[in-house]
Amino acid sequence: MEGPSSPAERSFAEALEALPVIACIVGPDGEVLMTNESWQAFGEANDNPHPTSEGENYLEVCRRAADDPYATEVVEALERLLAGEMDEYRTTYPCPGPEGPRWFDLLAYRLELDGGPYVLVFHLDSTSQTQAELATTAEVERLEALARVLSHDLRTPLSVASGYTKLLEDEVDSEHIERVQEALSRIGTIAENAVLIARGTSVEDTERIDVGTLAERVWATLDTDDASLYVDGVVVEGDPGLVSELLENLLRNVLDHAGEEPTVLVGPLDDGEGFYVADDGQGIPDEVRKNVFDIGYTTGTGTGFGLDIVRRIADAHCWDVQAEESDEGGARFELRTDDD
């Protein structure tokens, strides 16, 4: 096959040229017999280390990149395709570019042309998808690390602190010791809940929860200064510990971001299918509302985990959570518990 000389070969070449993806034909000895315009344009724009013109040997170019495991794998795959040991091959590999690394899916298919073996090679830009997958993998790894810390590393110092507090109670008569014990117990509960959240455990055992009463209980444990809380009764089915954690993070978010002397409202949604936590602070700008539940996202000195934990607790209950604007222009977080 020395180029598209026959009508069939010309038709094949035209079809190759019309493809909107980077494509080429590799011959029996590894030489590049045909490339389309997309292949050539990409090579010129990105200083692509792969062969960019007809006549070069695809296998030899890849072999020269001996320190690149992706290139070594491609050589082995193409050799097996040409030898008839397999019919297709696919991999994903990184490629440097002027605007940073990009990712491509390489698809290779064995063809029989003119009685000999050939390989049709496609390169598909999968940068966005691959980056999203890498980000998800990295997040899972971070959460697993967090779960290990909370479930193991934190347990020992908590047990030590609790033990010494009990000893101190025998030696000192102070009302503050009880508050310390309550705080240590609360830390333990938070750690247990965070492990469930980090590992994506769903909620199976639920009970009826008065959200207003629970919000008041959580509010009493916070440093609220001159902030005010008003609640309206609403009952939901959920895990009391996790819902308490959810409310604590939402209320802390108000105290951190709603300015001095904020007023906080907790009540039912208009249709009764959930509840809201709203304030009269400066609110959340429209352009960042979609990001506030992302892990690590913060506009101040916080950790950026609070609203991510809210989202994960909502997900564990199969609830939907949205950030909106309150009637007073502040932030309003709506937890919709309807499964429909």
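The values are calculated or read from the model by the stated rules, or taken from the named source; none is laboratory data. Note that the structure is a prediction, hence the values are computed from the model and not measured. Ideal geometry is used to build each Cβ from the backbone, glycine not excepted, and the neighbour counts take in all protein chains shown.
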- Query: Are any residues in the range 205-248 crowded, with 20+ Cβ neighbours inside 10 Å and under 27 Å from the mean Cα position of the chain (by Cα), and if so, which ones?
  - Reply: 238, 239, 242, 243, 244, 245, 246, 247, 248
- With the condition kept exactly as written, say whether any residue in the range 26-44 is of a type outside the set (A, V, I, L, M, F, W, C), modelled with pLDDT under 70 and in the same structural domain as residue 101 (by TED's automatic domain parsing). yes
- Test: residue 69 is over 17 Å from residue 22 (Cβ atoms), under 29 Å from the mean Cα position of the chain (by Cα), at pLDDT 75 or above and not basic (Lys, Arg): yes
- Over the range 252-289, the set of residues surrounded by fewer than 18 Cβ atoms within 10 Å (Cβ to Cβ), in a helix (DSSP H, G or I) and not β-branched (Val, Ile, Thr) is 252, 256, 286, 287, 289
- Message: Take residue 169 and tell me if it is at pLDDT below 75 and charged (D, E, K, R).
- Response: no
- Query: Of 99, 112, 85, 60, which residue is at pLDDT 85 or above and either of a type in the set (A, V, I, L, M) or exposed (fewer than 13 other Cβ atoms within 10 Å of the Cβ) (or both)?
  - Reply: 85
